[in-house]
Every structure is written in C-alpha cells, then in structure tokens.
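Let me begin by presenting the structure, written as structure tokens, before commenting on it.
The values are calculated or read from the model by the stated rules, or taken from the named source; none is laboratory data. All of these numbers come straight from a predicted model, not from anything done at the bench. Here the Cβ positions follow ideal geometry from the backbone for every residue, glycine too, while neighbour counts run over all protein chains shown. Each accessible area value is taken on the protein alone, full model and side chains, heavy atoms only, with ligands, DNA and RNA left out. Shrake-Rupley method; radii C 1.70, N 1.55, O 1.52, S 1.80 Å.
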Amino acid sequence: MSDNLKPLKIKELLSNNNKYSIPIYQRNYAWGEKEITQLIQDIVDYSLERPNTPYYLGTLVVYEKKNINDEIVFETIDGQQRLTTLTILLSALKNNQSILAFSNDISWFTLNLAFDSRIKSTETLKDVFTNDIKHKNHFNAEIKQAYDDCLKITQRILKENQQNFTDFCNYLFEKVMILRVPVPKDTDLNHYFEIMNSRGEQLEKHEVLKAKCLEFLAENESDTYVFNLIWEACANMEKYVQYGFKVEERNLVFKENDWNHITVKSFEELSDILGKNRVNTNTTNSSLTIIDIIQNKRATNIVSVTDNENPDRFNSVINFSNFLLHVLRLKEREDVALDDKRLLSIFKTVLDSKTDKVKFVKTFAFNLLKAKFLFDKYIIKREFLNGADNWSLKRLKWYKDNKVSYVNSFSIDETNENEDENKTVLMLLAMFHVSTPTLVYKHWLNAALKFVFENENINTQNYIVYLENLAKAFLFDRFIADIPNDYYNIIYKNQSLPKNNDIDLEKLNKGTSVENFVFNYLDYLLWKKDKSKYDSFKFSFRSSVEHYYPRHPLEGLTVLEQSDVDIFGNLCLISSKTNSRLWNLPPEGKRTYFLETNSHESIKQKIMMEYKEWTLKEIKEHQKEMLNVILI
C-alpha cells in the first residue's frame with residue numbers, strides 16, 4: 001500500500017496501468033468554465049515561470065479495490081473533479097492534435113475512468129474520448145460542455161501567454177503531478193467522505209498578508225488599530241464597507257447622517273480621528289502576528305453590526321484576495337498579476353522594493369478603504385431579495401429617522417429618476433462580468449475601478465462612455481485584432497480607448513472558438529438599440545456557443561460546409577444545459593422549443609429565430625446585419 005503513496009505524472013496517472021472509478025456517493029461531474037479556466041491558467045502560469053519545476057495539483061485520495069476481473073481499481077474519494085477534467089482535457093487535445101499542431105506523443109493516453117451507477121456519464125466520457133458524440137441524443141451535458149470548454153480555453157490562454165501547444169503539452173504530461181494517497185483497507189468510506197467534506201478552515205493568504213503588514217506598524221498602537229479596522233471592514237466583500245464600522249465611526253469616516261461620502265483624505269487623518277479616540281472597543285492589541293491569527297482567526301474582527309444589514313443579501317463578483325491585487329495595481333500602476341495564488345509573492349516583491357515600508361502600508365490601507373467604498377457603490381453585485389436574485393447597482397441611503405436602505409447608485413435622492421441610465425451602467429458591467437466568470441484576471445473590473453478611483457465627478461454619462469469605450473477596446477484591440485494588445489496596455493496606456501484599426505473579421509468565423517465576450521457585447525448593443533423590445537433580457541452565465549444550423553444535422557437534412565456552419569451569423573451563446581437538449585436539432589426544432597417555453601437566452605438568438613427559414617442565405621444575411629451592429 002505504501003508503495004502507491006507517490007506523486008504521479010499526468011502521463012502516469014492517465015495511462016493504461018491505472019483504473020479509476022467515481023463512487024455513487026460522489027456528486028456527478030460539476031466543473032464549469034470558471035473552474036476549468038483556473039486549472040489551465042494555473043498550469044500555464046507555473047510552466048512559464050518555472051518550466052523545469054514540477055507543478056503539484058494536489059492529492060487524489062483513493063481506496064484500492066478489485067473488480068470482477070480481479071484488477072485493482074482506485075475508487076476516488078477526493079479529487080474526482082480534477083481527475084475527470086484532466087481526462088476531458090487530454091481527450092480534447094488528442095482529438096484535435098492536427099488542428100492544434102503539437103508534436104507530443106499522446107498514444108499512451110487511455111480512458112481509465114468510469115462512474116459507478118452513472119451510465120450516461122461513463123458513456124459520455126467514452127464518447128468525448130473517441131470524439132464520437134456527433135449524433136447522440138442523450139449525454140451528460142456538463143461533460144460535453146467541458147470538452148468544448150477545455151479546447152477553447154486552452155487555445156485562448158496559450159495564445160494570450162504566447163506559449164505553443166508542444167511546450168504546454170510537454171509540461172502538462174511530464175511535469176504536472178498529483179499525489180495519489182490510498183486510505184487503509186479497513187477505512188469506513190462513508191465516514192471518511194463526510195470528514196473530507198467538512199474540513200476546518202485554513203488560514204487565508206490575505207490573513208498572512210495582513211499580519212505581515214501589521215508588523216511594520218507595530219510601534220504605533222493607533223496605526224495598528226486603524227489598519228486592522230480598515231482591513232476587517234473591507235475583507236467581507238458581501239457587505240458594504242460602512243457596515244464594517246460602528247455607527248459612531250461611520251459618522252466620522254463617511255459623513256454624519258449620510259454614510260455615502262468618505263470625509264477623510266489620508267490614513268493619517270483616519271488614525272487621528274479613530275485610532276487616538278477609539279470608539280467603544282475592547283480590542284487592546286491590534287498588532288497581531290500570524291500565530292495570533294492562526295490561534296484565533298476571527299479575534300481581529302472588532303465589527304459590531306447594529307443595523308438591519310442582511311449579510312446574505314449581496315454576492316460579490318470577486319473575493320477579497322483578488323480585490324487586494326486590484327488595489328495594488330491601482331496604486332502601483334504596474335502590470336500586477338491579478339491572480340490571488342500569487343498574492344504573497346507579489347506583495348513581497350513590492351514591499352522589498354520600498355524604502356519607506358511604513359508609508360507604503362499606510363497608503364495602501366487608505367486606498368483599500370477608498371476602493372472598497374467605490375466598489376460597493378459603482379460595481380454590480382448579485383442581490384437576493386424577496387425570494388429572487390438579480391444584478392444590482394446600489395448605494396446606501398440614510399434617512400432622517402435613522403434608517404438606512406439601498407437605492408440605485410445614480411438615483412436622485414430617494415427617487416429613481418435616473419433609473420434608465422442606472423440600468424445601462426448595470427447592463428454594461430453585467431456584460432463584462434458574465435464574459436469573465438473566473439475570480440482571477442478580471443481586467444474589466446480593474447478598468448472600472450481605475451475610472452471611479454481617479455474621477456471625482458462620476459455620473460452616468462461619463463461612466464457609460466468609459467465602459468462602452470472599454471468594450472470597444474476589448475473587441476477591436478484584442479478579440480478581433482490582427483495583433484492582440486495586452487489588457488494592461490489597453491487600460492493604462494491607451495486609457496481604455498480603442499486604438500487599433502487592423503482587425504481580422506475571420507476571428508468571428510471560428511465556431512465554438514469565438515470568445516463569449518463578442519456575443520455578450522453584441523447583445524448589449526442590441527439591447528441598447530431597442531430597450532423597450534428587449535426590456536426583459538438579463539445577462540447570465542452562458543458558456544455554450546451554439547450552431548443554430550447544426551454541425552452534425554440529423555439524417556435527411558442538408559449538410560453545410562464546415563466553413564459555412566462556423567460563421568458568426570450561424571452562432572449564438574446559450575447555456576450548456578439548453579445546448580445539450582437542442583444541439584443537433586434543425587433550426588425549426590430549436591425555434592419550436594423556445595416558442596413553446598416562451599424563452600430565449602440571447603437577443604441574437606431571438607433575432608435568428610424570427611427568420612421563418614434558416615438556410616445559408618439567411619445565415620449570411622443575419623451575419624451582415626450583426627456585423628453592422630457590432631462594428632460601429
């Protein structure tokens with residue numbers, strides 16, 4: 001048994017020498033675009049930074065058993081999502097080797113994974129392995145979508161990082177490792193699985209960073225108190241930052257009987273009004289070490305919320321660790337990697353470069369407070385209210401009877417006179433967000449924060465113009481540019497204004513490889529063009545590029561050339577769940593489904609369904625119409 005406790009290369013993990021099963025007590029495959037993107041991005045980042053160093057994906061906890069053929073099978077207790085995704089990723093690479101142009105030998109790769117009691121999942125895994133899902137009506141939608149996502153995401157990330165497929169595959173096969181850990185034979189698997197899914201909290205990177213920053217302020221108790229107060233108030237991304245302070249403190253920091261403006265201009269001013277005159281706190285020592293935090297993780301939280309704030313009302317588009325990197329980039333105006341797995345190393349590099357580290361920590365803390373205040377007010381959230389959830393763009397509103405509520409960020413007083421403009425900003429932000437579902441590398445968010453951080457006068461007109469220019473810059477300077485520009489250059493050097501005139505429209509005719517952003521941006525333009533007609537449209541996380549006329553039509557239907565099927569006029573963005581139901585139906589069948597269900601997931605899709613026939617003639621006509629909209 002102990003001989004099996006060893007790190008395995010991906011080449012060893014997915015070879016014929018091993019067999020794995022996913023037991024019935026495990027949930028079915030559930031990874032989507034966000035998780036797959038993070039996995040591939042992590043591997044690419046590490047391969048570029050340390051090409052000769054192994055990258056460990058984590059552990060694969062297994063239980064050894066024998067099947068009816070007396071072969072050893074590893075029942076997967078923990079790590080099945082990664083294992084399944086790796087199997088799907090290698091299937092996508094294997095089946096598209098000529099297209100992707102890599103020279104690595106992949107003949108060793110065998111399908112050695114199956115699901116216990118989930119026949120459809122096992123069969124779908126076989127189909128994507130053999131690339132034989134063309135005419136199947138019943139399959140696991142998540143696995144099929146993951147197959148398409150793996151190919152699309154890998155192509156995009158390698159292109160963005162200027163890494164070729166041969167180098168990537170060489171690193172993936174030979175340097176990416178998983179530690180396979182077998183549990184003892186007498187293990188109660190149900191009990192073990194329960195424990196695995198109720199692990200205690202681990203120390204977060206941002207908590208380690210906080211302790212390191214506090215070390216530089218240790219000699220000044222007032223400064224350490226205020227730094228701790230700011231950090232804790234900002235750390236809960238689900239709550240507005242004002243609620244991280246006691247009521248008396250809010251009146252000092254955010255304007256008395258208002259709470260909608262920051263009245264202080266620096267950390268030193270905060271230290272004067274809060275640190276030296278503390279407001280009813282029993283915290284006597286704010287200079288906390290890493291050990292202090294580990295021993296009592298929430299001992300630093302001095303917040304006492306006395307208002308009717310519902311902590312479950314809002315859901316942030318980003319977590320705190322990644323938010324810290326956005327604030328750092330705003331302050332340093334350097335191409336800081338927006339990836340929280342590198343949080344500590346990035347801050348260490350920046351701190352090491354500073355002569356006056358105390359000044360840096362103080363300035364960063366004040367910028368953090370300001371950025372979180374602006375984030376709450378000018379960046380969308382998901383709001384859960386009255387049993388429903390929707391995108392919201394709201395600010396706090398204080399009333400004379402000491403009550404506080406939320407109103408649209410750009411509303412006038414307690415009215416919603418600017419509701420239409422507020423919704424336009426909301427739609428723009430939602431369009432960006434659903435196009436980038438991962439928590440890392442949210443460049444649109446960094447650009448939006450930069451705008452609100454640097455402008456004293458923020459109104460709907462200048463915010464909308466900025467965000468629309470940013471969208472155009474992303475489209476023309478990156479997604480359909482002949483030579484794509486870097487996000488940092490677009491935002492910080494070109495000031496989010498589109499600069500590129502050299503575009504390659506063929507990038508819109510690449511089938512499932514067309515970027516989600518392009519479809520979402522087009523939907524925004526179509527919505528803005530006729531708001532009354534598309535008033536009910538909302539942006540959602542759709543990741544499946546559908547061919548309205550199918551690539552593999554049912555028997556008896558005309559088969560179009562692949563180059564015609566893949567053009568932008570025949571494509572729309574829908575959810576993978578919907579695509580799994582409809583993907584090989586003819587346009588008439590898809591139209592009937594959406595008419596019967598009275599639903600559509602995309603404005604472009606709705607327009608496509610308004611055509612009574614859908615042949616190559618209509619496809620090209622629609623293509624011309626959509627290009628006239630998107631290329632304005």
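A few points about this structure:
- Positions within the stretch 320-336 being surrounded by fewer than 16 Cβ atoms within 10 Å (Cβ to Cβ) and not in a helix (DSSP H, G or I), in sequence order: R333, E334, D335
- Condition check for F366: at pLDDT 95 or above, open to solvent by less than 70 Å² (accessible area, probe 1.4 Å), under 22 Å from the mean Cα position of the chain (by Cα) and under 30 Å from Y399 (Cα atoms): no
Listed here are the residues, each with its yes/no results for (1) modelled with pLDDT of 75 or more; (2) in a strand (DSSP E or B); (3) among the basic types (K, R).
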position: N170; (1), (2), (3): yes, no, no
position: N190; (1), (2), (3): no, no, no
position: K212; (1), (2), (3): yes, no, yes
position: Y225; (1), (2), (3): yes, no, no
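- Some residue of the stretch 94-106 being touching a Cys at 6+ places or on another chain (Cβ under 7 Å) and closer than 20 Å to N164 by Cβ: yes
- Selection status of N402, out of contact with any Phe, Trp or Tyr (no Cβ under 9 Å at 6 or more places or on another chain) and outside any helix (DSSP H, G or I): yes
- Residues of the stretch 229-274 satisfying the condition of being in a loop (DSSP other than H, G, I, E, B), among the hydrophobic types (A, V, I, L, M, F, W, C) and farther than 28 Å from E383 by Cβ: V264
- Filter result for the condition that a residue is hydroxyl-bearing (S, T, Y), more than 30 Å from E515 (Cα to Cα) and touching a residue at least 24 places away in the same chain (Cβ under 8 Å), over T84, T37, T53: T53
- Exactly one residue out of I43, I24 is under 30 Å from S575 (Cβ atoms), assigned to a loop (DSSP other than H, G, I, E, B) and touching a residue at least 40 places away in the same chain (Cβ under 8 Å), and it is I24.
- Condition check for V518: assigned to a strand (DSSP E or B) and touching a residue at least 24 places away in the same chain (Cβ under 8 Å): no
- When residues of the stretch 53-82 are limited to those that are surrounded by 13 or more Cβ atoms within 10 Å (Cβ to Cβ) and of a type in the set (S, T, N, Q), the one farthest from I40 (Cα to Cα): T76
- Residues (modelled with pLDDT under 80, among the hydroxyl-bearing types (S, T, Y) and more than 17 Å from F139 (Cβ to Cβ)) located in the stretch 549-602: Y593, T597, S599
- Condition check for L100: modelled with pLDDT under 90 and hydrophobic (A, V, I, L, M, F, W, C): yes
- Of all residues in the stretch 113-128, those satisfying the criterion of being open to solvent by 40 Å² or more (accessible area, probe 1.4 Å) and either touching a helix residue (DSSP H, G or I) at 6+ places or on another chain (Cβ under 7 Å) or modelled with pLDDT of 90 or more (or both) are E123, K126.
- Residue in the stretch 97-112 that is open to solvent by 40 Å² or more (accessible area, probe 1.4 Å) and touching a helix residue (DSSP H, G or I) at 6+ places or on another chain (Cβ under 6 Å) present: yes
- Looking only at the stretch 375-390, residues that are open to solvent by less than 40 Å² (accessible area, probe 1.4 Å) and within 11 Å of S316 (Cα to Cα) come to 6 in all.
- The condition of being without any contact (Cβ under 8 Å) to a residue 40 or more places away in the chain, basic (K, R) and open to solvent by 20 Å² or more (accessible area, probe 1.4 Å) holds for only one of K493, K510, K528, that being K493.
- Those residues of the stretch 350-391 which are farther than 19 Å from F323 by Cβ and assigned to a helix (DSSP H, G or I), in sequence order: D352, S353, K357, V358, K359
- Among the residues of the stretch 429-469, the one identified as open to solvent by 10 Å² or more (accessible area, probe 1.4 Å), farther than 26 Å from L631 by Cβ, in contact with a Leu (Cβ under 8 Å, 6 or more places away or on another chain) and of a type in the set (A, V, I, L, M, F, W, C) is F453.
- The conditions of being without any contact (Cβ under 8 Å) to a residue 60 or more places away in the chain and surrounded by 14 or more Cβ atoms within 10 Å (Cβ to Cβ) are met by E12.
- Positions within the stretch 470-490 being crowded, with 18+ Cβ neighbours inside 10 Å and either in contact with a strand residue (DSSP E or B) (Cβ under 6 Å, 6 or more places away or on another chain) or of a type in the set (A, V, I, L, M, F, W, C) (or both), in sequence order: L470, A471, A473, F474, L475, F476, F479, I480, A481, I490
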